[in-house]
């Protein structure tokens, strides 16, 4: 079994650098032994995807085709929604056969109990974001996702992301150690919900791989960072061992 974990690519198009890297990566998984592959997409793969609109599918068509081919070849794909990709099951599950979740999930991978999540509940101090999350996840709001056309959401999202990325990027640069402490501090809270050997998250845009002592044992905490760096790294679990793989 090979389990691969990616998050926080924030693709605006399939043609940009990271879109092409992701496309080559997906094709490489298909060319290997896809029936032994479990791909975890832990949110914010796209800078914006709301609902089941074909608008977004057409925008990222080469990647959708690659995911569809990978599924047909026998790979399992799990999508944990982030805060930039919301209510996507209408397309990803119905059209691609990808399982979609919002909250943390647990998997047995080569003898390891692995918890996967987007990571947007790590920073409990971000009250503004937590309010935003409660709104977009409200079941009364969900029907609106397909009420407005995809082009509308794309326009709104592009305007909002320019402002938020500038603010959040500066904050991360100035507070990286604080964010690392939050990632590691989240481990004990998460363990209270259910035991695990490894916890893998994204959202924070901070690469961190650390053994954390909690509940009388050592567990591995991995945050996937982002694809904004010069070198793109993805996390892999193979034969019960987790490592980082640089892709291009």
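Here are the numbers for this structure:
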quantity: One residue from 19, 74, 97 being over 28 Å from residue 190 (Cβ atoms) and under 16 Å from the mean Cα position of the chain (by Cα); calculated: 19
quantity: Some residue of region 64-72 being assigned to a loop (DSSP other than H, G, I, E, B), more than 29 Å from residue 241 (Cα to Cα) and at pLDDT 95 or above; calculated: no
quantity: Residue 210 being at pLDDT 95 or above and either surrounded by fewer than 19 Cβ atoms within 10 Å (Cβ to Cβ) or in contact with a helix residue (DSSP H, G or I) (Cβ under 9 Å, 6 or more places away or on another chain) (or both); calculated: yes
quantity: Only listed residue being modelled with pLDDT of 75 or more, surrounded by 18 or more Cβ atoms within 10 Å (Cβ to Cβ) and in contact with a helix residue (DSSP H, G or I) (Cβ under 6 Å, 6 or more places away or on another chain), chosen from 122, 183; calculated: 122
quantity: Hits in region 105-119 - residues which are surrounded by 19 or more Cβ atoms within 10 Å (Cβ to Cβ) and part of a loop (DSSP other than H, G, I, E, B); calculated: 117, 118, 119
quantity: Residue 81 vs. criteria out of contact with any helix residue (DSSP H, G or I) (no Cβ under 6 Å at 6 or more places or on another chain), modelled with pLDDT of 95 or more and farther than 19 Å from residue 27 by Cβ; calculated: yes
quantity: Residue match in region 42-49 (condition: farther than 21 Å from residue 204 by Cβ and either part of a loop (DSSP other than H, G, I, E, B) or in contact with a strand residue (DSSP E or B) (Cβ under 9 Å, 6 or more places away or on another chain) (or both)); calculated: no
quantity: Members of region 64-97 found to be buried (at least 20 other Cβ atoms within 10 Å of the Cβ) and touching a residue at least 40 places away in the same chain (Cβ under 8 Å), listed by number; calculated: 66, 67, 70, 75, 80, 82, 84, 85, 86, 87
quantity: Residue count for region 1-16, restricted to those that are closer than 19 Å to residue 72 by Cβ and under 17 Å from the mean Cα position of the chain (by Cα); calculated: 1
quantity: Flag for residue 203 being surrounded by 11 or more Cβ atoms within 10 Å (Cβ to Cβ) and at pLDDT 95 or above; calculated: yes
quantity: Selection within region 189-203 - closer than 19 Å to residue 79 by Cβ and touching a helix residue (DSSP H, G or I) at 6+ places or on another chain (Cβ under 8 Å); calculated: 199, 201
quantity: All positions within region 37-63 that are in contact (Cβ under 8 Å) with a residue 60 or more places away in the chain and under 25 Å from residue 119 (Cα atoms); calculated: 38, 40, 42, 43, 44, 47, 48, 50, 51, 52, 56
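The values are calculated or read from the model by the stated rules, or taken from the named source; none is laboratory data. Fair warning: this is a prediction, and the values are worked out from it, not measured in the lab. Heads up, the Cβs are rebuilt from the backbone with ideal geometry, glycines too, and the neighbour counts pull from every protein chain shown.
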